């Protein structure tokens, strides 16, 4: 008999929602089962029954999580109740909640597929060992991650990065069609409130040093427009709802550490990476994170190709000078773009969401681990 029950999926952030939508579309095209759970607009448009929207749980840092604990406890209870009646659980990134849901699924005998695996290379080996106990298969999007999981005896497969294999990003534009400096303060409200004032201060310095510079600010779809307008009051910058468009048309970018750093690199837009949070959040993160670089693009390239400005180093004058160098130093710009092209080549080679959907259906039919 074919398995019954919904496929439950949990994608707790904007980037996970975007990537998971391709998987949902592949599953829905096969008309095998309903997909329900936590995600956002992208998965909803692909045919998922979204019971919880990620925008309602968007916090940053340890203090943000603590403040929202009652809401998160309720979310976890309702997601567990969905898993109790499921035929498969698909976790997409978001390890804080997803690892607990994976453990619950294992206790209930529900098979588990993890897509967009947690960044265990940044947070230490503990998460890998925890995953080994409750995850049946892992679909990774960064090629070096396969060896990490294989060493732990887990069934893992590199499926290619969705930015490349699922064609989430357009082809890079030539320099002649790049007209502004892009400012990307993050995708969550707490992140935008913390980082956008720094980016605006940087832009003011840039405007003074390089008066011909135009600015475009990427607006997150889950953050209210008035938050941007308040921060930009008295400064000439255009709001752009499409972060990819903001990056694609930019000669350089200032980007909050996160998924957008990789988007910038794959669009061949040289960038400076910034990260600033409360002193408490930063102190706690430094005790847990095991890598020296905060930008994903730099982690993948193994060096600081995109200059990083973290915490007390995140000063507008320094960031502005770095952006001017990225725009005006042609040798450095060419070398940076060459590294970005090599990175794009390394992230292809799989069939992306199609393969993830196949892995999901194999697990659902009883083919748990290779």
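Numbers below:
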read-out: Most fluctuating residue given options 46, 253, 360, as computed from a GNM of the chain linking Cα atoms under 10 Å; value: 46
read-out: 220, 81, 303 arranged by Cβ crowding within 10 Å, fewest neighbours leading; value: 303, 81, 220
read-out: Shape category assigned to the range 175-346 from the gyration tensor of Cα positions, a/c cut at 1.5; value: rounded
read-out: Residue 108/residue 365 FRET efficiency (R0 22 Å; Cβ-Cβ; nearest 0.05); value: 0.75
read-out: Angle in degrees between helix 95-107 and the longest Cα principal axis of the chain, rounded to the nearest 10; value: 10 degrees
read-out: Within the chain, helix-based [θ] at 222 nm, where runs of 4 or more DSSP H residues each add -39,500 (n - 2.57), nearest 500; value: -14500 deg cm²/dmol
read-out: Residue of 232, 199, 88 that the Gaussian network model of the chain assigns the largest fluctuation, springs spanning Cα pairs under 10 Å; value: 232
read-out: Convex hull (Cα only) mean projected area of the chain, reported in nm² to one decimal; value: 17.5 nm²
read-out: Simple spin-label estimate for residue 317 and residue 238 in nanometres, 7 Å along Cα-Cβ; value: 3.2 nm
read-out: Helix 330-346 vs. the chain, principal-axis angle (Cα, 0 to 90°, nearest 10); value: 10 degrees
read-out: Residue 133-residue 335 pseudo-label distance in nm [points 7 Å out on the Cα-to-Cβ vector]; value: 4.7 nm
read-out: Footprinting exposure proxy for 336, 269, 259, 78 (fewest neighbouring C-beta atoms within 10 Å first); value: 78, 336, 259, 269
read-out: Folded to 0 to 90 degrees: helix 69-84 orientation relative to the chain principal axis, Cα; value: 40 degrees
read-out: Point-to-point label distance, residue 45-residue 119, nm (Cα→Cβ direction, 7 Å offset); value: 2.6 nm
read-out: Extension gain, residue 304 back to residue 56 (0.36 nm per residue minus Cα-Cα distance, nm); value: 85.9 nm
read-out: Least to most buried among 235, 340 (fewest other Cβ within 10 Å first); value: 235, 340
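Any read-out appearing in this document is the output of simple, stated calculations on the displayed coordinates, not a laboratory observation. This is a predicted model, so every value here is computed, not measured. Heads up, the Cβs are rebuilt from the backbone with ideal geometry, glycines too, and the neighbour counts pull from every protein chain shown.
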